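A.B. asks: Handing you this structure, nothing more for now.
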Amino acid sequence: MKLGVNIDHIATLREARKINDPDPLEAVFIAKNAGAEQITIHLREDRRHMHDEDITKIINSSQLPINVESSINKEIIDYLIALKPHSITLVPENRMEVTTEGGLKLQDSIKETIKKIKDNGIKVSLFIDAFSDDIKKAKDFESDAIELHTGAFANLFLVLNTNLNRTHNALIINNPKVKYQMLLKNLEDSAILANNIGLEVYAGHGLNYQNVKEIVKIKEITELNIGHSIIARAVFCGLENAIREMKNLIKR
């Protein structure tokens, strides 16, 4: 199982002071030395963290494959195609959201974007919820892969296994144990379905050092894209150590 390290939050830290430090590009080389197999970055329409020059520098300088998350915004897609990253993951985007809140809604208009990207020799993945209809539609749209949205699973894990509900970020969820088991089973069934119909299967969103052990048991998932928890851990132990810790958990 491969680890893609999302380094967006390094740019978030930089933008908090509107200066040029820390530089996300430096993280690329640290991630490579730590054993990461991929770098994931998101060029949002509002440029809240990564900027165009970041994307250009990272794609042109990285020795690791670069996966760029993007909405279907035509200008951004055209910009990315010209840079030719290893892959583009199409994601939903809402300017009011703190982070991506769910999977992409697979409307027919997305087919043209997928074709355009693939015609330029770039791999395409769709960030979707674990619904069988969406998985089948992703195949019909000729996507190369899907990335299963693990956010709801991650939230329920926090409710059941941490003190989250004693904080101001508490989540009120009825019957969390039952829903947790259902979500985990659904992720497994969805991964099996996608693999059986010829889609590569990835997973990401909200994965951390505690809950990832459940996801790595799903053998059909071949790649995890993890950002926030790794960058948060790096504050205390350094980025290279944080990535190595996650790699070790994935290997187990």
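The values are calculated or read from the model by the stated rules, or taken from the named source; none is laboratory data. Predicted, not measured: the structure shown is a model, and the values here were computed from it. Every residue, glycine as well, gets a Cβ built from its backbone with ideal geometry; the counts of neighbours run over all protein chains shown.
A.B. asks: Identify, from the list ASN161, ASN165, the residue that is more than 18 Å from the chain's Cα centre (by Cα), without any contact (Cβ under 8 Å) to a residue 12 or more places away in the chain and farther than 26 Å from ILE66 by Cβ.
C.D. replies: Numbers: ASN161 fails: without any contact (Cβ under 8 Å) to a residue 12 or more places away in the chain.
Every option except ASN165 fails the conditions.
A.B. asks: Within segment 35-43, is even one residue more than 17 Å from the chain's Cα centre (by Cα) and either of a type outside the set (A, V, I, L, M) or more than 21 Å from ASN241 (Cβ to Cβ) (or both)?
C.D. replies: Pass one, segment 35-43, residues more than 17 Å from the chain's Cα centre (by Cα): 35.
Imposing the further condition that a residue be either of a type outside the set (A, V, I, L, M) or more than 21 Å from ASN241 (Cβ to Cβ) (or both) reduces the set to 35.
Within segment 35-43, one or more residues are more than 17 Å from the chain's Cα centre (by Cα) and either of a type outside the set (A, V, I, L, M) or more than 21 Å from ASN241 (Cβ to Cβ) (or both).
A.B. asks: Condition first: among the small types (Gly, Ala, Ser) and closer than 25 Å to THR222 by Cβ. Can you find one or more residues in segment 35-50 that meet it? Quick ask: steps written out before the conclusion?
C.D. replies: Narrowing segment 35-50 to residues among the small types (Gly, Ala, Ser): 35-36.
Now narrow it down to the ones that are closer than 25 Å to THR222 by Cβ: 35-36.
Yes, because at least one residue in segment 35-50 is among the small types (Gly, Ala, Ser) and closer than 25 Å to THR222 by Cβ.
A.B. asks: I'd like to verify a number: residues in segment 133-156 that are under 29 Å from GLU112 (Cα atoms) and either over 20 Å from the mean Cα position of the chain (by Cα) or of a type outside the set (Gly, Ala, Ser) (or both), how many? Break it down stepwise before answering.
C.D. replies: Of the residues in segment 133-156, the ones under 29 Å from GLU112 (Cα atoms) are 133-151.
From what's left, either over 20 Å from the mean Cα position of the chain (by Cα) or of a type outside the set (Gly, Ala, Ser) (or both): 133-137, 139-142, 144, 146-150.
The total comes to 15.
A.B. asks: For ILE76, are the conditions met, namely being buried (at least 18 other Cβ atoms within 10 Å of the Cβ) and within 17 Å of the chain's Cα centre (by Cα)? If you could, list the steps in order and put the result at the bottom.
C.D. replies: Values: buried (at least 18 other Cβ atoms within 10 Å of the Cβ): yes; within 17 Å of the chain's Cα centre (by Cα): no.
No.
A.B. asks: Sticking with this one: Is it true that ARG244 is over 12 Å from LEU148 (Cα atoms), touching a residue at least 12 places away in the same chain (Cβ under 8 Å), assigned to a helix (DSSP H, G or I) and in contact with an Asp or Glu (Cβ under 8 Å, 6 or more places away or on another chain)?
C.D. replies: Numbers: over 12 Å from LEU148 (Cα atoms): yes; touching a residue at least 12 places away in the same chain (Cβ under 8 Å): yes; assigned to a helix (DSSP H, G or I): yes; in contact with an Asp or Glu (Cβ under 8 Å, 6 or more places away or on another chain): no.
So ARG244 fails the test.
A.B. asks: Can you tell me which residues in segment 8-44 are in contact with a strand residue (DSSP E or B) (Cβ under 9 Å, 6 or more places away or on another chain) and under 15 Å from VAL68 (Cα atoms)?
C.D. replies: Within segment 8-44, ASP8, ALA11, PRO24, VAL28, GLU37, GLN38, ILE39, THR40, ILE41, HIS42, LEU43, ARG44 meet the criteria.
A.B. asks: Go through (1) touching a His at 6+ places or on another chain (Cβ under 6 Å); (2) farther than 17 Å from ASN225 by Cβ one by one and return the number of the condition ASP8 breaks.
C.D. replies: Of (1) touching a His at 6+ places or on another chain (Cβ under 6 Å); (2) farther than 17 Å from ASN225 by Cβ, only one is false for ASP8: (2).
Results for (1) more than 30 Å from LYS116 (Cα to Cα); (2) in a helix (DSSP H, G or I), shown as yes or no for each residue.
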position: LEU158; (1), (2): yes, yes
position: HIS168; (1), (2): yes, no
position: ASN174; (1), (2): yes, no
position: TYR180; (1), (2): yes, yes
position: LEU184; (1), (2): yes, yes
position: ALA191; (1), (2): no, yes
position: ASN195; (1), (2): no, yes
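A.B. asks: Which residues, counting only those in segment 218-231, are in a loop (DSSP other than H, G, I, E, B), surrounded by fewer than 21 Cβ atoms within 10 Å (Cβ to Cβ) and touching a residue at least 12 places away in the same chain (Cβ under 8 Å)? Lay out the reasoning, then the answer.
C.D. replies: Residues of segment 218-231 that are in a loop (DSSP other than H, G, I, E, B), as a first pass: 218-222, 227.
Imposing the further condition that a residue be surrounded by fewer than 21 Cβ atoms within 10 Å (Cβ to Cβ) reduces the set to 218-220, 222.
ILE218, GLU220, THR222, listed by residue number.
A.B. asks: Let me ask another. Could you tell me how many of the residues in segment 38-53 are surrounded by fewer than 17 Cβ atoms within 10 Å (Cβ to Cβ) and not basic (Lys, Arg)?
C.D. replies: Qualifying residue count, segment 38-53: 5.
A.B. asks: Residues to consider are GLU37, GLU53; find the one that is at pLDDT 95 or above, among the charged types (D, E, K, R) and touching a Pro at 6+ places or on another chain (Cβ under 9 Å). So that I can check it myself, show each step before the final result.
C.D. replies: Working: GLU53 fails: touching a Pro at 6+ places or on another chain (Cβ under 9 Å).
None of the others qualify; the one that does is GLU37.
A.B. asks: Only one of these is under 27 Å from SER62 (Cβ atoms) and part of a loop (DSSP other than H, G, I, E, B): SER143, SER125. Name it. Write out each step before concluding.
C.D. replies: Values: SER125 fails: part of a loop (DSSP other than H, G, I, E, B).
After applying the criteria, what remains is SER143.
Matching residues to (1) touching a residue at least 24 places away in the same chain (Cβ under 8 Å); (2) out of contact with any Gly (no Cβ under 9 Å at 6 or more places or on another chain); (3) in a helix (DSSP H, G or I); (4) not acidic (Asp, Glu):
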{"position": "HIS9", "(1), (2), (3), (4)": "yes, no, yes, yes"}
{"position": "ALA16", "(1), (2), (3), (4)": "no, yes, yes, yes"}
{"position": "ALA27", "(1), (2), (3), (4)": "yes, yes, yes, yes"}
{"position": "ASN33", "(1), (2), (3), (4)": "yes, yes, yes, yes"}
{"position": "ASN67", "(1), (2), (3), (4)": "yes, no, no, yes"}
{"position": "PRO92", "(1), (2), (3), (4)": "yes, no, no, yes"}
{"position": "LYS105", "(1), (2), (3), (4)": "no, yes, no, yes"}
{"position": "LYS116", "(1), (2), (3), (4)": "yes, yes, yes, yes"}
